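The values are calculated or read from the model by the stated rules, or taken from the named source; none is laboratory data. Quick caveat: nothing in here was measured; it's all calculated off a predicted structure. Note that we place each Cβ from the backbone using ideal geometry, even for glycine, and neighbour counts take in every protein chain shown.
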Amino acid sequence: MDISDYLIKITGKSEKELKELIEEKKKSLGYLVDDEIALRLIAKDYGVIISEYKPDIEVKIEDLVPMMKNVTLVVTVDRVLGIKEFIKKDNNKGKVGKAIIRDETGSAFLVVWDDKTEFLHKLKPGTEILIKQAYTREGFDGSLEIHIGDKGEIQIINERKYKGIVWKVYDPIKYKKKDGSEGKIMHFILKEGENYTKVFVWNPTDELLGKIIEGSYVEILGGRIKSFDKDIEIYIDNENDIIVSHEKISPIPLNKNKLKDVKPNMENLIIEGIVDDNPIFGETQTGKKFAKILLRDEDFVLPIIFWGEKSEILKNIKKGTKILIDGCYSKIRDNGLEIIVSRWSKIRIG
């Protein structure tokens, strides 16, 4: 809290009453003093010892309750939720942005207003920040909100950097741009310690596609970051935001799953086997193309479903062909357990 809030707390005066006292004190001294000196003189009149006032005391989230002012705390950004525009009572446009922040004692919503919302673009999940002169409110759902108004400040203490080993690279997929031309998206998994981050790169050059190989070291310098519960995804439009090093390639184990061990709702499966029958091609009532094969490894057989563009891969596949699928998932359908090939699945034939 600042000195005025401290005086309000000690004297029991309202904010309006204190402002009136400040004006009276300045007037009585011929306006030769500023607000702060007037406050200190008023404090002396009321017998308040200013030396006992401690400004900007850092607190923890668990210490906060609604209606507190001049809050100072150090927190970590958990998730940036976005910015919205609205119309104020005076018909001017306003902005409000939200993020989820946390410390070792709990979590809360960070609410940022108007021009201060631009600062949210600088925040990434994992970034440590210092919040000063904030105030607290209770949200509509009863949750605690920490607001940054005109006087509030946010300072970045330690910016989160994303760097590590390329754990898995998926085959690029094509898409139609708004102008009708064809674009391309690449997708890889970045491993940093025990953390895995999904990275998507829009319209990568052939040079970058050749550089991003499993086991290479990558550092992400920019991009847009989204977080979903515990998962983080990074979206990159400018490939200059990626630094790739092949100085030391880390071997990535290829842990294949046996078909007999596949259970419902398993993800990121790696399976390999022999096509047990010629592919069957079809189309749903909505016009979505698919293809189906029976895959055998050892004495176990499971149906594998390919959707959309992935079904085209099977046009030249025949019974007896060896195939490896990296990045598929299992699901129970009407006909029993099936393995689904996603659009990001990596497929190798032969």
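Per-structure values
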item	result
Checking residue 237 against (1) out of contact with any Asp or Glu (no Cβ under 7 Å at 6 or more places or on another chain); (2) farther than 19 Å from residue 121 by Cα; (3) among the charged types (D, E, K, R), the condition it does not meet	(2)
Selected residue (criterion: farthest from residue 58 (Cα to Cα)) from residues of region 35-47 that are touching a residue at least 24 places away in the same chain (Cβ under 8 Å) and not in a loop (DSSP other than H, G, I, E, B)	42
Count of residues meeting criterion [in a helix (DSSP H, G or I), in contact with a Lys or Arg (Cβ under 9 Å, 6 or more places away or on another chain) and at pLDDT below 80] in region 7-34	1
Subset of region 259-277 (residues that are more than 33 Å from the chain's Cα centre (by Cα) and either surrounded by 14 or more Cβ atoms within 10 Å (Cβ to Cβ) or without any contact (Cβ under 8 Å) to a residue 40 or more places away in the chain (or both))	259, 261, 272, 273, 274, 275, 276, 277
Region 120-144, residues that are within 19 Å of the chain's Cα centre (by Cα) and surrounded by 17 or more Cβ atoms within 10 Å (Cβ to Cβ)	120, 123, 124, 125, 126, 127, 129
Residues of region 191-227 satisfying the condition of being part of a strand (DSSP E or B) and within 17 Å of residue 240 (Cα to Cα)	199, 200, 201, 202, 217, 218, 219, 220, 224, 225
Residue match in region 266-273 (condition: assigned by TED's automatic domain parsing to the domain that holds residue 320, in a strand (DSSP E or B), at pLDDT 90 or above and among the β-branched types (Val, Ile, Thr))	yes
Among (1) assigned to a loop (DSSP other than H, G, I, E, B); (2) crowded, with 18+ Cβ neighbours inside 10 Å - the single one residue 97 does not satisfy	(1)
Flag for residue 55 being of a type outside the set (D, E, K, R), within 30 Å of residue 146 (Cα to Cα) and either at pLDDT 85 or above or part of a helix (DSSP H, G or I) (or both)	no
Filtered residues of region 298-334 (kept if in contact with a Lys or Arg (Cβ under 9 Å, 6 or more places away or on another chain) and over 24 Å from residue 171 (Cα atoms))	298, 299, 300
Qualifying residue in region 154-161 (condition: in contact with a strand residue (DSSP E or B) (Cβ under 8 Å, 6 or more places away or on another chain), of a type outside the set (A, V, I, L, M, F, W, C) and crowded, with 17+ Cβ neighbours inside 10 Å)	no
From the options 89, 174, residue that is over 19 Å from the mean Cα position of the chain (by Cα), at pLDDT below 90 and within 26 Å of residue 236 (Cβ to Cβ)	174
Members of region 283-298 that are exposed (fewer than 11 other Cβ atoms within 10 Å of the Cβ) and either touching a residue at least 24 places away in the same chain (Cβ under 8 Å) or small (Gly, Ala, Ser) (or both)	287, 298
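For every residue, the table says whether it meets (1) hydrophobic (A, V, I, L, M, F, W, C); (2) under 20 Å from residue 144 (Cα atoms).
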site: 61; (1), (2): yes, yes
site: 67; (1), (2): yes, yes
site: 75; (1), (2): yes, yes
site: 83; (1), (2): yes, yes
site: 87; (1), (2): yes, no
site: 113; (1), (2): yes, yes
site: 127; (1), (2): no, no
